[in-house]
Amino acid sequence: MREFFKSARFKVLLGFLALLVGIMIYAVTKGGYSVSAASFVNTVTKPFRIASNSVSMKIESIADKLSNADKYYEENQKLKAQIGELNKQLTEYDDLKEEVEELRKFVVIKEQHPDYIISQPAEVLGYIANDPFKSFTIDKGSAEGIEPFCPVVTAEGLVGITIDVSEHVSTVRTILSPDLSIAAVSSSTNADYGIIEGTVATAENGNTKLIHLDMDNELRVGDLMVTSGNSGLFPKGYAIGSVKSLGYETNGLSACAEIEPCSDITRLGSVVVITDFSGKNNEYGEENTESGEKEDSDEAENIP
């Protein structure tokens with residue numbers, strides 16, 4: 001018995017009783033009324049009632065889940081189906097938005113160049129593997145009026161030219177390639193002519209090169225180069241790219257410049273093919289169908 005009175009359990013019990021007595025004394029002195037037996041019991045049992053209610057609510061929750069499991073499963077399946085339908089609608093909305101954006105680009109080109117006959121926006125199917133010059137295929141071909149050596153563009157600028165054309169697929173050679181030469185002129189000075197002809201070094205950065213440039217040219221970094229239209233293969237005045245840097249050829253006979261294309265050739269989603277335009281020389285394109293390279297070189301060398 002002595003051990004019980006000396007134990008920690010007895011001390012805790014004694015402290016708890018002292019707390020209850022203190023509460024009763026406080027209630028009497030502050031409230032002006034005596035504490036009834038029922039009030040005392042309620043005070044003592046309150047913590048136990050709170051704990052009991054909590055346990056009861058948990059038990060009810062578990063019982064509800066068990067008894068209504070089938071109902072909740074059906075509701076869950078319906079919600080999943082609704083979410084799937086909403087995701088499908090969202091995907092369709094994104095596709096429609098992308099299609100509208102492509103049609104907007106189509107309209108922009110047509111408004112700026114009413115003399116062009118152009119294809120519907122053509123989706124880029126993929127880039128040619130292991131080609132450092134980013135040749136690619138599109139989902140439009142001869143069935144859509146596309147022929148070899150048709151200019152390929154975006155609303156921002158020239159991309160390249162078709163080379164191999166089947167009924168519903170065409171291959172496009174880009175302006176990054178050394179096998180495509182384009183006579184170009186500065187839109188700022190309207191006097192500095194050269195040839196756009198890509199190299200391996202410039203293609204690594206997604207750029208192309210301007211060669212055969214006069215040593216006394218007046219080009220500046222940022223100047224826009226456009227097609228001169230002298231060969232009849234490309235329409236006149238279509239944007240190609242801007243001057244990124246200027247330099248000289250190793251032979252010291254001419255200047256050159258690195259050109260950053262207006263269109264990001266390395267990340268194309270869709271393009272437009274110009275099937276005809278005012279001043280187009282179809283015979284020139286037919287004569288070069290087999291060779292498919294350096295279409296504008298001879299013309300540009302004769303530019304005054």
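Throughout, read-outs are computed from the coordinates displayed, never taken from laboratory work. Quick caveat: nothing in here was measured; it's all calculated off a predicted structure. Heads up, the Cβs are rebuilt from the backbone with ideal geometry, glycines too, and the neighbour counts pull from every protein chain shown.
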Notebook entry, point to check: Amide H neighbours of G241 under 5 Å, counting only residues 5+ apart in sequence or on other chains, H built in-plane at 1.01 Å?
Noted result: M225, C262
Item checked: Under-5 Å amide H pairs with T199, H placed in peptide plane, nonlocal only -> K209
Item checked: Rounded to whole Hz, the Karplus (6.51, -1.76, 1.60) HN-Hα couplings of the stretch 167-179, x for glycine and proline -> 4, 10, 9, 9, 9, 10, 8, 8, 6, 7, 7, x, 8
Notebook entry, point to check: S188's amide H: which non-local residues (gap 5+, or another chain) put their own amide H closer than 5 Å, with H modeled 1.01 Å from N in plane and none for Pro or chain starts?
Noted result: L224
Checklist line | Label-point gap, in nm, between T266 and K88 - each point 7 angstrom along Cα→Cβ | finding: 3.9 nm
